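One structure is given here, and the rest of the page talks about it.
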Amino acid sequence: MKIVSWIIGVLATVLLLIYVMAFTSFGNALLKPTIESQIQAATKLDSKLKTFSLGMSHFDILLELNPHNTIALKGDYSFFAQSFSVDYAVKLEELRTLKALTQTQLQSAFHTDGKVIGDLAFLKIDGKSDVAKSATSYHVELTDLNPTSIIAKIESANLEALLFMLNQKAYASADINLDVNFKNINPHKLDGDIKFATLHGKLSPSVLKKDFNITIPKTAFTMNLDAQLQGDDVDYSYIFRSNLAKITSAGKVTPEPLHLDLKYALNVKELALLKPISGADVRGPLKLHGKVQGSKAKMQVSGQSDIAASTTTFLANLKNFAPVSVEAKVRHLKLQKVLYMVKQPHFADGLFDLDVHIANADVKNLAGVITSRISKGVVDNRYMTKAYKFKSMMPYTHFSAKTYTKLDKNLVDTQLSFSSNLAKLNVKSAKFTINDGSLVSDYRVKVTDLNKLFFATERHLKGGIVATGSVKKAKDLDFTMHSNVAGGALDAKLHNDDFHATLASLNTLKILDMLIYPKIFDASIDGVLDYNLVKQSGVFDGKLSQGFFTRNQVLDLTKQYARIDLYKQKFKGDVSAKIQKEHILASLDLRSNTSSIITKNTKLNSKTQQIDSKIAITANGNPINVGLKGKVSHPKVSIDANKLIKKEAIKAVSKQLGKLFNKLF
């Protein structure tokens, strides 16, 4: 009996201590600092329990999160029945000071108050709020602390106030009404409806201009959503109307497991309006409509559009929201409208057609074919001339193009055929590797009339040229070119900025004819050019052989004074040049069996076509100095033949003296 009495005494003491600690003002005072510290740790605020009164069946708590932000709880409860009736009042006057608790920056104030009645098995919450200057009421039912029913009504919520509360700029203003009537929100037992509407909506042109550089007219809008929840399904209809865009969608959605069967339509008068949502910096109108059907495991999205005045259709199959296959067809898309949409200059007009057949859209295992065609292409020569600062007007240029692209896992292989009245380009295989972004391509370029490129080359040229080669771009850029030109062969290669070219057996007359220079020398030339594109500097070294001069003023004078016909002599020698942008410093050393033609540091300007040269001609031991200055096509020629004339004069005097002595003796 003593032991039993002792145990009862201990239990009575423990219960008395619990009662004193939990349900008396003395015990509350002892517990208050501990509870306060726990709240501070959870809220990360200097929170204080201004009031903490806990009795056997009644409690009264006032929590000050920080100055001007309080939560009040007051009510009755039954410890044994685990039921309660609680009045609450949340007064958050300065949301901006609660970032540590909310984990996001909020502004303004928030108030709500109401009553919680029930037990842990079933609770009912009834309250009201003035969120975003609205008149809001709500009723929530919880079973086992899980919400099973929600009825809420928001009247005339102010969109500007709501955006300000969420620390967003006032991109728009509107009155918002929301009716939520969820009698049951348990999975597979949905029962209720939602009605959402905005009234008197207006976009803010000044804010959109400042933040997104979007210029829009005054825009009013309305928005309506009507959804019915029944069992597993949600039937809805949605419409957004404004003077700039109309968006509609309607259909059936099964949330779990997800299944969609809906239609959508988008009619946008100005795409720039959607930049804050899409992030795409595009403009212009767009019409799009289509269907979305299927589940997360297998979904199909189809649509039609008139983008850039085209007729466009597409069909995409998705798995887990990732594209599996894509079919698309674009007809008569206008290039000028596309350029306008993506905010690019008006380079050209034309019609663009596209066919896309991608059987596997997985980036790592791509498989499919894409073909495209551009027809009736016309370059905007006025814009191009101005944009690239051509000194002469780019000629009228029409063009067309075709591509055939095969997708094979990591490889994109393209064939290209481009044709214009300026040039033609053909590519048999341009292979782009997606993983490393490398490119390997062949090419063939044909220009039938080089003079049509005068606007770009700034010099008149004759004839045409055909060039073939390859392009490689990975870490470095490598470019090769081969052309049978001027009766010989030109081979060149570019490594990043360094250009190297080899000339083999080119005919100088044909080169001079192509450059529209005076055709004074007929020879075969071999040489090497090294040039840096960035520095615009380089050197050329060449060898001339089998050279014969054609009729020219200099050699005519040489024949007159030196009594020697250099036209009949065969020359060979060296030619070299140093290039610094448009300035060329050239040297020439030509020799025959009896004569030589030498010039050092001849100055030639490739842009202005000016020449300044001094040529030393020795014809059969007779010296003549020739000067060339002015336009390359018709330079001023000066002759210094004093030594030659003096030598001829001495011969003439000696001859006359000889005749005189013969007569005397």
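The values are calculated or read from the model by the stated rules, or taken from the named source; none is laboratory data. Computed from a predicted structure; not experimentally measured. Note: ideal-geometry Cβ built from the backbone for every residue, glycine included; neighbour counts use all protein chains shown.
Below is a table of values for the structure above.
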{"quantity": "Hey, Leu273 under 19 Å from Asp353 (Cα atoms) and buried (at least 17 other Cβ atoms within 10 Å of the Cβ) or not", "calculated": "no"}
{"quantity": "Unmet requirement for Ser392, which otherwise passes all of (1) of a type in the set (S, T, N, Q); (2) surrounded by 16 or more Cβ atoms within 10 Å (Cβ to Cβ); (3) touching a residue at least 60 places away in the same chain (Cβ under 8 Å)", "calculated": "(2)"}
{"quantity": "Residues being of a type outside the set (Val, Ile, Thr), surrounded by fewer than 17 Cβ atoms within 10 Å (Cβ to Cβ) and farther than 22 Å from Ala367 by Cα - total across region 300-333", "calculated": "5"}
{"quantity": "Single residue of Ser596, Ser638, Ser633 found to be under 17 Å from Asn552 (Cβ atoms) and in a loop (DSSP other than H, G, I, E, B)", "calculated": "Ser633"}
{"quantity": "Every residue from region 350-389 that is touching a residue at least 40 places away in the same chain (Cβ under 8 Å), aliphatic (A, V, I, L, M) and surrounded by fewer than 17 Cβ atoms within 10 Å (Cβ to Cβ)", "calculated": "Val363, Ala367, Ala387"}
{"quantity": "Candidate set: region 444-488, residues that are part of a strand (DSSP E or B) and over 17 Å from Asn426 (Cα atoms); chosen: the one farthest from the chain's Cα centre (by Cα)", "calculated": "Gly488"}
{"quantity": "Condition met for Val440 (part of a strand (DSSP E or B), on the phi < 0 side of the Ramachandran plot and surrounded by fewer than 14 Cβ atoms within 10 Å (Cβ to Cβ))", "calculated": "no"}
{"quantity": "Number of the condition not met by Gly294 [criteria: (1) surrounded by fewer than 16 Cβ atoms within 10 Å (Cβ to Cβ); (2) out of contact with any Pro (no Cβ under 7 Å at 6 or more places or on another chain)]", "calculated": "(1)"}
{"quantity": "Test result for Ile125, surrounded by 15 or more Cβ atoms within 10 Å (Cβ to Cβ), within 19 Å of Val90 (Cα to Cα) and not hydroxyl-bearing (Ser, Thr, Tyr)", "calculated": "yes"}
{"quantity": "Residue check, Leu260 of a type outside the set (Asp, Glu), part of a strand (DSSP E or B), within 28 Å of the chain's Cα centre (by Cα) and buried (at least 17 other Cβ atoms within 10 Å of the Cβ)", "calculated": "no"}
{"quantity": "Residues being among the basic types (Lys, Arg) and in contact (Cβ under 8 Å) with a residue 40 or more places away in the chain - total across region 234-287", "calculated": "2"}
{"quantity": "Options Ala152, Ala109: the member that is closer than 30 Å to Val234 by Cα and under 47 Å from the mean Cα position of the chain (by Cα)", "calculated": "Ala152"}
{"quantity": "All positions within region 350-393 that are under 28 Å from Asp413 (Cβ atoms) and basic (Lys, Arg)", "calculated": "Lys364, Arg373, Lys376"}
{"quantity": "Answer from Ala227, Ala250, Ala265, Ala197 - the residue that is at pLDDT 90 or above, surrounded by 14 or more Cβ atoms within 10 Å (Cβ to Cβ), in contact with a Lys or Arg (Cβ under 7 Å, 6 or more places away or on another chain) and part of a strand (DSSP E or B)", "calculated": "Ala250"}
{"quantity": "Count of residues meeting criterion [surrounded by fewer than 16 Cβ atoms within 10 Å (Cβ to Cβ) and part of a strand (DSSP E or B)] in region 403-412", "calculated": "4"}
{"quantity": "Strands (runs of 3 or more DSSP E) enclosed by region 35-79 - at least 2 residues per element that are within 50 Å of the chain's Cα centre (by Cα) and either farther than 26 Å from Arg96 by Cβ or of a type outside the set (Ser, Thr, Tyr) (or both)", "calculated": "58-66"}
{"quantity": "Filter result (of a type in the set (A, V, I, L, M) and in a loop (DSSP other than H, G, I, E, B)) within region 164-194", "calculated": "Leu166, Ala170, Ile185"}
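For (1) of a type outside the set (Gly, Ala, Ser); (2) modelled with pLDDT of 80 or more, each residue gets a yes or a no:
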{"residue": "Arg591", "(1), (2)": "yes, yes"}
{"residue": "Ser596", "(1), (2)": "no, yes"}
{"residue": "Pro635", "(1), (2)": "yes, yes"}
{"residue": "Ile650", "(1), (2)": "yes, no"}
{"residue": "Ser654", "(1), (2)": "no, no"}
